[in-house]
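The values are calculated or read from the model by the stated rules, or taken from the named source; none is laboratory data. All values derive from a computational prediction rather than experimental measurement. Cβ: placed from backbone, ideal geometry, glycine included. Neighbour counts: every protein chain shown. Note: areas computed on protein heavy atoms with side chains; ligands, DNA, RNA excluded. Shrake-Rupley method; radii C 1.70, N 1.55, O 1.52, S 1.80 Å.
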Amino acid sequence: MKINLTNIKKAKKLLKSNECVAIPTETVYGLAGNAYSDIACKKIFTLKKRPKNNPLIVHYHDLKQLNNDCNYNDSFLKLYKKFCPGPITFILNLKKNTKISKIATNYKKTLAIRFPNHKITKRLLKIIDFPLAAPSANLSSKVSAVTSSDVREDFGKKIKYVLEGGKSSLGLESTIIDLRNKPKILRLGSMEISIIKNALKKKIYLNNNPPKIYSPGQLKLHYSPGIPIRLNAKKSRINEAYLLIKKKKKTQINHFFLSKNGNLKEAAKNLYSLLRKIKKDNYRSIAVDKIPNKGIGRTINDRLIRAAKFR
Ligand code: TXA
Ligand code: MG
């Protein structure tokens, strides 16, 4: 995807006047606003119909920008150097004199931050003098958007501008890690835990399903296409779509393939688009094939399990 400076400047202009703009990232599209502006952050919550107590992720171009807002430790620096920009979100302590909107954080003392790896959004972040609060650009509890048309499907004309950036290359949200004490994963995501573990050389705790909701990405119902989902299905029933991990020799009209040969990265990239397509094709429910629970397959299963809470 080529960089179109006119589009980026248009996005900048709108963001500077406290409007929301959808931005492409390598994970999913984000619904962005000036993270220093209460007005812009309020608009994000309203547009998404997001509960006020679910804080926003803030996106930075690099460490220099971040220094105004957060404190961090050596573990963070290690991962930053190795993986950023990339699909990993860090929970850090806010500095006392930060300008981050209290609406964005819901008055928390911590901030979720990320350095997205997408040419167009990196350029945008470079030419503005504020970070971007940007939760996934979908209606709250629904499937995230991986193309500009997914964003328009959810928000229509309510959103002022969608910065075109092609289809998100990874297709699942970032992995969230809290590094303030012992490293703790709060949400499985596009970056595999084993890769983070190898870099940190420390034990990593998994807190993806805490008894008390800490990070609403962990909410039980989330990522839902709005129709029932049946997991580990060996076959489909009448009026049901069948989502398979790889292409079959004999296929039927209700069969949808996450990948050609069972490649899990390809499956991750296609998951949300296929869930949206199946819903649009008016199927009443979805049967899902068994997905190998390894590597990024763990994140795919995490999303499917939450989506299957829909009744
Ligand atoms: O890949 C991604 O992370 C995408 C792209 C656009 O960057 N963003 C995204 O945002 O998935 P969102 O808002 O859909 O998910 C962010 C999650 C939410 O579950 C929120 O509760 C959690 O991060 N979060 C935000 N601030 C937090 C904090 N201070 N402590 C713990 N969790 C936090
Ligand atoms: Mg989301």
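The figures follow:
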{"quantity": "Inter-residue pairs, beta-carbon under 7 Å, first open to solvent by 10 Å² or more (accessible area, probe 1.4 Å) and in segment 285-308, second of a type in the set (Asp, Glu), 6+ apart", "calculated": "Ser285/Glu240; Gly295/Glu192; Ile296/Glu192"}
{"quantity": "Cβ-Cβ under 9 Å pairs, at least 6 apart or on other chains, segment 152-166 side free of Cβ contacts under 8 Å to residues at least 60 places away in the same chain, far side in a strand (DSSP E or B) and not aromatic (Phe, Trp, Tyr)", "calculated": "Arg152/Ala22; Arg152/Val162; Asp154/Lys142"}
{"quantity": "Matching residues, segment 51-73, being within 16 Å of ligand 2 (Cβ to nearest atom) and open to solvent by 20 Å² or more (accessible area, probe 1.4 Å)", "calculated": "Pro51, Lys52, Asn53, Pro55, Ile57"}
{"quantity": "Residues located in segment 142-182, provided they are in contact with a helix residue (DSSP H, G or I) (Cβ under 6 Å, 6 or more places away or on another chain) and in a loop (DSSP other than H, G, I, E, B)", "calculated": "Val143, Ser144, Ala145, Val146, Lys160, Leu163, Glu164, Gly165, Gly171, Leu172, Leu179"}
{"quantity": "Output for segment 182-198, where each listed residue is among the hydrophobic types (A, V, I, L, M, F, W, C) and open to solvent by less than 10 Å² (accessible area, probe 1.4 Å)", "calculated": "Ile185, Leu186, Ile196"}
{"quantity": "Residues of segment 57-88 classified as out of contact with any Leu (no Cβ under 7 Å at 6 or more places or on another chain) and either modelled with pLDDT under 95 or within 16 Å of Asp129 (Cβ to Cβ) (or both), total", "calculated": "7"}
{"quantity": "So Phe76, is it under 23 Å from Val146 (Cβ atoms), open to solvent by less than 40 Å² (accessible area, probe 1.4 Å) and of a type in the set (Phe, Trp, Tyr)", "calculated": "no"}
{"quantity": "Scan of segment 144-183 for residues that are more than 18 Å from the chain's Cα centre (by Cα) and more than 16 Å from ligand 2 (Cβ to nearest atom), ordered by number", "calculated": "Gly156, Lys157, Lys158, Lys160, Tyr161, Leu179, Arg180, Asn181, Lys182, Pro183"}
{"quantity": "Matching residues, segment 24-42, being assigned to a strand (DSSP E or B) and open to solvent by less than 10 Å² (accessible area, probe 1.4 Å)", "calculated": "Gly30, Leu31, Ala32, Gly33"}
{"quantity": "Every residue from segment 96-138 that is surrounded by fewer than 18 Cβ atoms within 10 Å (Cβ to Cβ), in a helix (DSSP H, G or I) and among the β-branched types (Val, Ile, Thr)", "calculated": "Ile127"}
{"quantity": "All positions within segment 183-198 that are part of a loop (DSSP other than H, G, I, E, B) and more than 13 Å from Pro87 (Cα to Cα)", "calculated": "Pro183"}
{"quantity": "Segment 125-144: number of residues that are under 26 Å from Leu66 (Cα atoms), within 13 Å of ligand 1 (Cβ to nearest atom) and among the hydrophobic types (A, V, I, L, M, F, W, C)", "calculated": "5"}
